[in-house]
Structure formats: C-alpha cells, structure tokens
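J.: Shown below is the structure under consideration.
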Amino acid sequence: MSGIASASSSQGQVPTSAQTGYTAGLPASVAALYAHSYDILGPSAYRDWKPAPKPWTICFNNSYLGNTWRASTLTEFSNLVAQYKKAGLVAKGISTNSNLDLPTQIEQMRDMIDVDHCSGIITIPTGTSGMNSVIQQAYNAGIAVVDDLGPTTSPYAENFDENFYTSGISEATFLAKAMGGKGNLLDVIGIPGETIDIEYQAGLNAALKQFPGVHIIGQVVGKVTDTIAQGAVLQFLSTHPQPIQGVFQEGGMGIGIYNAFHQEGRPIPAIVEVGSGGFTAVWHNLLLSGQKPNFYQLTDPPGYCMQEAFNVMARILEGQHPKNITVFYPPPAITAANIDQWWTPNLTPSTTAWPEPPTNPLPDSALNGYFTNGKAPLS
C-alpha cells in the first residue's frame, strides 16, 4: 500500500507501512484463509480509530434487493438496529438500495455522509473499485465503512468477508470428486463482474486444473435468483442434450437449477449451493425418501453475515482496532452428515428463509483475536 495518500480525517490516516502477525490469535482454520486472498491485506485504516460519540447512526448502503439473501440481510440489519438501540448504542438506522446502479449507490453514500451524518456505513458495493472514491470521502469525514461480503480495493474500508476463492476451490473440488474426476460441468454465474463472481470463478478454474477430465460445458447467468437461474438452465438444457454430471454455482440458485433438471427429466447432477433454505429442504426430503444426492453447501447466511459485519462496525466505533484490513470468517459446510442440524421445519422447498448456523462459526471469543483490544460490543 505504499504511496497511498493520507486521509485528512482527524481520526487518523491510512497506514502505509507493512504489518506482520495479523493472524496471531486467530483460529488455525481462519488464519489459513489469509494464505491466498483476492481481498487486499495489510494494516487496517482503523488501527488508530478513536471512539465515535454514542448513540450512533448506522447506515446500510446496499446495492441490490432483488433476491431473498439481500432481503434477509436488510431484515437482520433492522433487527440489529433495534437490538443496539435498546442497549443505548444506536440512535437510528438508515438503509438504501441502488438496484445495481453504481452512480446511484455512490450518490446514496454521499447523502449518508453529507445529509445523514452517519457514524458508520455498512455497504455491499457494486463492483470492487467503483465505490473507492466515495468510501475515502466517508473516511475523511470521520465515518467508518465496513464492506459486508462485498470487498473493495479501497484501503479506507474494513472488509468482512468470506474468502470466496478458497470456497470456490472447495466446492469445485467436491464436484470433481463426486463426478469421478470426469464429465461435463455447467457453470451458473451469479451477478457477472461482482467481487464474489470474480473470486468464485478464479477458484473454480484453479480447482479444475487438478481434474483435467472435468470440462465446463457452458455458462449461464442466474443473478443469484432461483427463477432466473431455472429459466437460464432450462434454455441451456434444451440445446445441449449431452449428459451433465455437475453444476457449479455462486449461491442462491440451487432450487432453480434442481427444478430445471427435474422439469426436463434429466438425471440430477452433483450440485453445490451456498446455504439456501429451499435447497436444504429439498435435500432433506430427498434423504428422507432414501435418495442420496451429491449435494454440498458452504454457507454465508445473510443474518449471520450482517450480524458479524455490524459487530465489526460496532467494535470500530467503540475504538477497537482491527489488525488487518480484511476480516475473513470460515464458512461452515452443510453436508449429508450434518444436514439435520441445519434443517428446521420452517425450511420448505418454497421457503424464502435461509438456514442459519446451529452454532456461531465465529463467536466473540474468536472475533476478539482480529482486534488488538477486542471485546464484545454488547458485553
């Protein structure tokens, strides 16, 4: 990060010196995520951040609301605002949605800076770098910015993220092994060009280098929405009669993919998903009927992820200092062996709910290790 201009905020400046040891105190499973990262690593811009006056105004700068994951994220944000308000830490919460329009999202964040005077802004940004300038404006105004599962290349934000590159490798490796190391794989992209898409695709391609017998037969775009994915896969299947043994996807499209193959009367391939409630219910029902589908899910539950991003924000506003610019968490897996721990009666094939982890994969005791002076904000 050499050469980065210092911020003018009285809160401090973006560190430009190298920092080592930022994985010290972290669980081994988390520390391993920093070995190969598409997120920027290094000293946090908030390592000297001063406490913000309470109660805070917390703002959610969202780029999309067109799928159930994003809707659940917004619901949890509202729940957390109420919880922290009851504790006397938050005065109000504000949220916006740009519907994937970058100029709109930038303008909405500017309003959060200049009009709403937010204490902190949680954002799921459009793209990796388009928001960098306005994020710096927020930082210069003394407003902390936390990216929730949508990291940017800005050194002025704190990323809370899954390492989607390593998750992509894990999911693609599962598929390749389930396929016996050979066959055709369909790649269903979520939202092209978003950070998650870039990392997942890099992980997929890296994994398949170890399985030369697995071939990507095609790509379709599902926009992280079951109905859109179902239509795209149906159209692909109608013009590709070849057997398809596996389907890689970037999350939130498992039901649509499953329904497309079922509707066409095609054999159900090995499928990976990202913690979908409907997909979990279908999987659970198939297992109850005696079938043994080759399914696998790495989860980034929307409620849990917003909880942790909000937790990171609250810690920064309290004056806790992150060791690194990126906070990675280990995504828990749903497998045939533990699905009964994840499935609950409210999860049906038509549900819009997402399964939340039976236990916190990153409890406060572990999250403390990411900070030099870590302490649970609601303790």
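J.: Quick check for you: which residues of the range 56-83 have the amide N under 17 Å from the point 7 Å beyond the Cα of Val221 toward its beta carbon?
T.: 64-67
J.: Can you tell me, using C-alpha contacts under 8 Å and at least 6 residues apart, the relative contact order of the range 164-298 as a whole percent?
T.: Working: 259 pairs, mean separation 35.6, N = 135.
Relative contact order of the range 164-298: 26 percent.
J.: On to the next question. Pull out the extension gain between His117 and Asp48, defined as 0.36 nm times the separation in residues minus the alpha carbon to alpha carbon distance; nm, one decimal. Could the numbers behind the result be given before it?
T.: Values: separation 69, 0.36 × 69 = 24.84 nm, distance 2.10 nm.
Result: 22.7 nm gained on full extension.
J.: Reachable lysines from Lys375, Cα under 26 Å, same-chain residues fewer than 8 places away excluded?
T.: Leaving aside lysines fewer than 8 places away in the same chain, those within reach of Lys375 are Lys50, Lys54, Lys85, Lys86, Lys92, Lys323.
J.: By counting other Cβ atoms within 10 Å of each Cβ, how are Ser44, Ser37, Ser29 ranked from fewest to most?
T.: Ser29, Ser37, Ser44
J.: Just to confirm my understanding: which cysteines in the chain have no other cysteine beta carbon less than 4.7 Å from their beta carbon?
T.: Cys305 - these cysteines have no disulfide-compatible partner (Cβ-Cβ under 4.7 Å) in the chain.
J.: Further question: Quick one: Val146, Val81, fewest Cβ neighbours within 10 Å first, how do they rank?
T.: With the sparsest Cβ surroundings first, the list reads Val81, Val146.
J.: Roughly what % of DSSP beta bridges within the chain run antiparallel, to the nearest 5?
T.: Restricted to the chain, the bridges split so that about 5 percent are antiparallel.
J.: Here is a follow-up. Rounded to two decimals, what is the ratio between the C-alpha radius of gyration of the range 86-173 and 2.2 N^0.38 Å?
T.: Computed over Cα atoms of the range 86-173, the ratio equals 1.20.
J.: Where nothing but the Cβ of Lys and Arg (+1) and of Asp and Glu (-1) is charged, how large is the charge dipole of the range 164-298 around its Cα centre, in debye to the nearest 20?
T.: The calculated dipole for the range 164-298 is roughly 440 debye.
J.: What does the charge dipole of the chain about its Cα centre add up to, to the nearest 20 debye, if the Cβ of each Lys and Arg holds +1 and the Cβ of each Asp and Glu holds -1?
T.: That gives a dipole near 460 debye.
J.: If you don't mind, there's one more thing I want to ask. Taking θ = phi - 60°, what integer Hz values does the Karplus form 6.51 cos²θ - 1.76 cosθ + 1.60 yield along the range 327-341, in sequence order, with x for Gly and Pro?
T.: In residue order, the calculated couplings are 9, 8, 10, x, x, x, 9, 9, 10, 4, 7, 10, 4, 5, 7 Hz.
J.: Could you give me the ³J(HN,Hα) list for the range 243-252, computed from phi with Karplus coefficients 6.51, -1.76, 1.60 and θ = phi - 60°, whole Hz, x at Gly and Pro?
T.: x, 10, 9, x, 10, 9, 8, 9, x, x
J.: Please list, by residue number, everything in the range 24-57 whose backbone N is under 13 Å from a paramagnetic label point 7 Å out along Cα→Cβ of Asn373.
T.: Backbone N within reach: 47-52.
J.: I'd like to verify something in the chain: which complete DSSP H helices, judged by Cα projection on the helix axis, reach 24 Å or more and average at least -0.5 on the Kyte-Doolittle scale?
T.: The answer is none, since no helix passes both cut-offs.
J.: On a full-extension model of 0.36 nm per residue, what is the gain between Lys292 and Ala24, subtracting their alpha-carbon distance, rounded to one decimal in nm?
T.: 92.4 nm
J.: Now for a different question. What's the center-to-center distance, using Cα atoms, between the range 223-274 and the range 339-379 in Å?
T.: 28 Å
J.: Something else: Rounded if a/c is under 1.5, else prolate if a/b is larger than b/c, else oblate: which is the chain, with a ≥ b ≥ c the root eigenvalues of its Cα gyration tensor?
T.: Judged from the Cα gyration tensor, the chain comes out prolate (a/c at least 1.5, a/b above b/c).
J.: Let me make sure I get this right: for the range 164-298, a, b and c are the square roots of the gyration tensor eigenvalues over alpha carbons, sorted descending. Under 1.5 in a/c it's rounded, otherwise prolate if a/b > b/c, else oblate. Which is it?
T.: Rounded, because the longest to shortest axis ratio a/c is under 1.5.
J.: Further question on the same structure: Averaging over every viewing direction, what projected area does the convex hull of the Cα atoms of the range 106-146 cover, in nm²?
T.: Numbers: hull surface 9.9 nm².
Convex hull of Cα atoms, orientation-averaged projection: 2.5 nm².
J.: In what order do Val247, Val221, Val145 fall by count of nearby beta-carbon atoms within 10 Å, going from fewest to most?
T.: So the residues, fewest neighbours to most, are Val221, Val247, Val145.
J.: Further question: Taking the convex hull of the Cα atoms, report for the range 238-342 its projected area averaged over all directions, in nm².
T.: 8.9 nm²
J.: For Glu107 and Lys182, calculate 0.36 nm times their separation in residues minus their Cα-Cα distance, and state this gained length in nm to one decimal.
T.: Full extension of this stretch gives 22.2 nm more.
Readers should treat all values here as calculations from the given coordinates under stated rules, not as data from a laboratory. From a predicted model like this one, the values you see are computed outputs, not experimental measurements. Backbone-built Cβ (ideal geometry, glycine too); neighbour counts: all protein chains shown.
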